[in-house]
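Student: Pasting in a structure now, in structure tokens, and then I'll have a few things to ask.
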Amino acid sequence: MRIKGKNFDGEGGEEEEQKLVVGYALTLKKKKSFLQPEFERLACKKGILFVAIDVNLPLSDQGPFDIILHKLLGKEWSDIVEDYRQTHPEVTVIDPPYAIQHLHNRQSMLQDVVDLNLSDFHGRVGVPKQMVIMKDPLSIPDEVAKAGLKLPLVAKTLVVDGSAKSHELFLACDWSSLSELEPPLVLQEFVNHDGILFKIYIVGDAIKVVRRFSLSNVNQCQLAKVPGIFPFPRVSSAAASADDADLDPRVAELPPRPLLERLSKELRHRLGLRLFNIDMIREHGTRDIFYVIDINYFPGYGKMPDYEVIFTDFLLTFKKKKYRAISCED
């Protein structure tokens, strides 16, 4: 899209300026949290135009777009976007549906972290020991015992589908209560981490880390006193921010920057995604042993400090590529 502007000498006249057109397909809730007025104003000043995609109309009849930004669920929408990618290779789709799908299953989402083997690079990064339970709740205690997992265990739904239920977390504190859980689910050993979680936001090459309050440490004496299964709150809540809290410096210390850069670069490549966040914890009593416990696609960037600037700069990288392409054609 071209708009009228001023000549480079400041005199009135017409200069054709390229706008970067970003078509977006988001839920109403996601649109409200992401496309905040300050962000839209900054993007507009930088030559970025956001245009809503009408999901009731053929995607190929809309636009033209330079970028499609989306987070809608369902196979029908995924097929539409994938077909569009094949027929419109000049449009950047953020992100490919097949890559996003990888993060919808908690069994597979952390496998890429395991495969990285970051065991001696400014610290160690792994994943907690975990297993998948597909059916028969009554067999869970025996299956867990055979797998050698230790209590307490964090229980999560196997499939991440955007529903409130898929974000529910439970702490199982005794063997008998395990049979009360509802498969399919993932059981993950709870790692004491001093009640602090690091949310690592990835926006292209940019990395932003924030601290969130999480579940406090649990010891064996506490387990004996509180048998059962207990829900615990989502740590992604904005109210759970721990960045301004008076924390022990050893607990508050962020993971080493070189480690985060290596981890994010490798996961961007392996996952094929540009927008995601990593939930990471530091093991209690250590300085350099970290665990990735979850990875989320297109998280709540509205809660990330300075997200307006970071995301605008990210989109501007595509505008530069567009100008270079036009220059080459000329």
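The values are calculated or read from the model by the stated rules, or taken from the named source; none is laboratory data. It should be emphasised that the depicted structure is a prediction, and the values quoted were computed from it without experimental measurement. Note that each Cβ is placed from the backbone with ideal geometry, even for glycine, and that neighbours are counted across all protein chains shown. Surface accessibility is based on the protein's heavy atoms, side chains included, excluding ligands, DNA and RNA. Shrake-Rupley method; radii C 1.70, N 1.55, O 1.52, S 1.80 Å.
Student: Give the whole-number value, in cubic angstrom per residue, of the convex hull volume spanned by the C-alpha atoms of the range 125-229.
Tutor: Output value, Cα hull per residue: 128 Å³.
Student: So how do Val55, Val125 rank on accessible area, 1.4 Å probe, biggest first, that is with the largest at the start?
Tutor: So, going from the largest accessible area down, we get Val55, Val125.
Student: In square angstrom, rounded to the nearest 10, how much accessible surface does Lys46 have for a 1.4 Å probe?
Tutor: Accessible area, nearest 10 Å²: 100 Å².
Student: Something else about it: For the cross-link pairs Lys75/Lys150; Lys71/Lys320; Lys29/Lys75; Lys156/Lys319, which exceed 28 Å when the distance is taken from alpha carbon to alpha carbon?
Tutor: Those over the limit are Lys75/Lys150; Lys156/Lys319.
Student: Between Lys150 and Glu266, with labels modelled 7 Å along Cα→Cβ, what's the label distance in nm to one decimal, could you check?
Tutor: Between Lys150 and Glu266, the label points sit 2.5 nm apart.
Student: May I ask you to evaluate 6.51 cos²θ - 1.76 cosθ + 1.60, the Karplus curve with θ = phi - 60°, for each residue of the range 46-54 and list the ³J(HN,Hα) values in order in whole Hz, giving x for glycine and proline?
Tutor: Rounded to whole hertz, the list is 8, x, 10, 10, 9, 10, 6, 8, 8.
Student: Can you give the local net charge around Gly162? Use residues other than it whose beta-carbon is closer than 11 angstrom to its beta-carbon, Lys and Arg +1, Asp and Glu -1.
Tutor: Within the 11 Å Cβ shell, the charges total +3.
Student: Using the structure shown, select from Lys46/Lys165; Lys30/Lys146; Lys31/Lys265 the pairs with a Cα to Cα distance greater than 32 angstrom.
Tutor: Too far apart for the 32 Å limit: Lys46/Lys165; Lys30/Lys146.
Student: Right, something else. Divide, for the range 102-297, the radius of gyration over alpha carbons by 2.2 N^0.38 Å, where N is the residue count.
Tutor: 1.01
Student: Roll a 1.4 Å probe over the protein chains and send me the accessible area per residue for the range 256-295 in Å².
Tutor: On a per-residue basis, the range 256-295 sits at 42 Å².
Student: Here is a further query. Averaging over all projection directions, find the projected area of the Cα convex hull of the chain and quote it in nm² with one decimal place.
Tutor: Result: a mean projected hull area of 20.6 nm².
Student: Which three extents, in whole angstrom, do the alpha-carbon atoms of the range 10-96 cover along their principal axes, largest first?
Tutor: Projected onto the principal axes, the Cα atoms of the range 10-96 cover 52, 30, 20 Å.
Student: Over the range 132-227, give the accessible area per residue in Å² for a 1.4 Å probe, as an integer.
Tutor: Per residue, the range 132-227 has 46 Å² of solvent-accessible surface.
Student: Show the residues, 5+ positions off or on another chain, whose built amide H is closer than 5 Å to the amide H of Leu118.
Tutor: For Leu118, the qualifying residues are Val125.
Student: Could you work out the local net charge near Val191, counting Lys and Arg as +1, Asp and Glu as -1, over the other residues with Cβ closer than 11 Å to its Cβ?
Tutor: Here the charged neighbours net out to 0.
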